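Laboratory data are not the source of any read-out in this text; all were calculated from the coordinates shown. Since we're looking at a predicted model, the values are computed, not measured. Virtual Cβ from ideal backbone geometry, glycine too; neighbours counted across all protein chains shown.
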């Protein structure tokens, strides 16, 4: 693990440097990221020079998050707050203000071209831009620049960390494209209740068709089921990713009746814990593309 | 047009055919049981037993997820345990059967909720409480059909003592000692049919397909075989109409079936042959002198 050894070396050097400089109070830059994926980016760029906290931890949903007083405390202590933007964290600006801290706020998605599924310029943007690896690279670049401004001493570290990480993201992007290339073009569509894969779909050419008429997680009626089945048959969709339907037996029924394959879990808004399928961003994308391509293979 | 509404859902979708087959099997097994429950004034016992099944199904669910056999088996064991324990207490102490049954089923229910919430989420619990008639796979259908068959066969064997015990238990005691075993076998059948029903309708509504048709039948016939026939028929009609209702509107299927049965029940209460309200207000002319 050359990466780790290198990080360790950097850390040791940083420690040595701090030891020599007595007045230096904290040896790490405090960064708060709003959710786990952003925190993963920051961790990869910042390495051991930064201490990252995610307000919305692994497995939790940033859409429905409500901030707690301890979050305000974390923000007050932070030097940099990294947010996704595009309307994902409507609650954040007030929190930053009310925390009374001095943190600069970085909108990590600035510079990407937002998708507006509603159509038109004023429609609301889809915030899940990180689902395209090309966008993730823009995120990483933004984070690198912000860290270099916040902590000029570590500029060289950040630059080299970011360079390495961007190279890994490039490899990931190629990996995804290769996986998609192996799926016959007419099979590149799934039915999914996920709303988060707009950017993924646009970048890699896999259509995510939303099921019609399934609005709730409660018990669906015979009509709901019939609508989905008709839709899958009509549009000839080879795979279903319907985790929102709470009853797995129903999804099996849909698959049996349409011949569609049942896809696994897709992770969209948050990473899993250490032991889950997607502890890092790269793992997450890899997991998703594997789930999609194994469901779509002919 | 009528074809589109009433028939084409079943020709177009396999899940509708499976649901219909399941509901017919449930009606065949459950409705006769419901008639005897009603005649023996044990209608609420069915409800109590339905709750008593929960912990067994929950344990099965915790051990192996939504596994058909684990949940069926667990439910059967829990149901039998409650039935037998409350029977023993009722026969050996001063406490009457209804009170001891109530005690045991409440304990059982509390255990069930505790077990489910220890590991599962609310959604998991909902699977147990509300089964799904739209998601009957081959296994579930076979189990339902098997249980219905067993129920009908056993009913045929114990029919005579069961009827006598409903009508005149004291008389049965003087001529035969089959009273207690018959009672136990009958309780076992109740449990089997509740477990059967909970795959399709969930523990809460499983009992509905037993009791409501029996209530309906009571208003149309005076003899037991007539009641059983009417109960089975009205259970099937409610099942079919409920499925169509759920297909044409957005009502969830399980509740839709029970609601249709409830409509039939209200109609029967008003217009039933036997002691229906309208009949009582306007007695038939032929009864007058």
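With a Förster radius of 51 Å, plug the Cβ-Cβ distance of residue A:105 and residue B:7 into 1/(1 + (r/R0)^6) and report the FRET value to the nearest 0.05.
0.25
So for chain B, averaging the separation of alpha carbon pairs under 8 Å that are six or more residues apart and normalising by length, what relative contact order in percent results?
After rounding, I find 25 percent.
What shape does chain B take by its C-alpha gyration tensor, where a ≥ b ≥ c are the square roots of the eigenvalues and a/c under 1.5 counts as rounded, a/b above b/c as prolate, and the rest as oblate?
Note, shape of chain B comes out oblate.
Order these by the 10 Å Cβ neighbour count, fewest first: B:168, A:48.
Going from least to most buried by this count: B:168, A:48.
At a Förster distance of 51 Å, what's the computed FRET efficiency of residue A:209 paired with residue B:180, Cβ-Cβ distance as r, to 0.05? Please report the intermediate quantities before stating the final value.
On the way: r = 61 Å, r/R0 = 1.20.
Once the sixth-power term is evaluated, E becomes 0.25.
Can you sort B:113, A:56, B:35 by how many other beta carbons sit within 10 Å, fewest first?
On the way: B:113 17, A:56 23, B:35 28.
Listed from fewest to most nearby Cβ atoms, that is B:113, A:56, B:35.
Where does each of A:261-270, A:224-233, B:270-279 land if you order them by average Cβ count within 10 Å, highest first?
Sorting A:261-270, A:224-233, B:270-279 by mean packing, highest first, produces A:224-233, A:261-270, B:270-279.
Give the shape of the stretch A:182-297 as rounded, prolate or oblate, defined through the alpha-carbon gyration tensor: a ≥ b ≥ c are the square roots of its eigenvalues, a/c under 1.5 means rounded, and otherwise the shape is prolate if a/b is larger than b/c and oblate if not.
oblate
Counting alpha carbon pairs within less than 8 Å and at least 6 residues apart, what relative contact order, in whole percent, applies to the stretch A:182-297?
Values: 152 pairs, mean separation 31.5, N = 116.
So the answer I get is 27 percent.
With r defined as the distance between the Cβ atoms of residue B:159 and residue B:81 and R0 fixed at 25 Å, what FRET efficiency is calculated, to the nearest 0.05?
Between residue B:159 and residue B:81 the formula returns 0.40.
Among B:51, A:287, what is the fewest-to-most ranking by other Cβ atoms within 10 Å?
Ranked by crowding around the Cβ, least crowded first: A:287, B:51.
Along each principal axis of its Cα atoms, how long is the protein assembly as shown end to end? Whole angstroms, biggest number first, please.
Extents along the principal axes: 112, 60, 44 Å.
Take every residue in peptide A:253-260, count the Cβ atoms of other chains within 10 Å of its Cβ, and give the average of those counts.
Averaged over the peptide's residues, the number is 3.
With the cut-off at 1.5 for a/c, could you classify the stretch A:29-174 from its C-alpha gyration tensor as rounded, prolate or oblate?
oblate
Taking the Cα of residue B:118, stepping 7 Å toward and past its beta carbon, and measuring to each backbone N in the stretch B:50-83: which are under 15 Å?
Within reach of a label on residue B:118: B:55-65.
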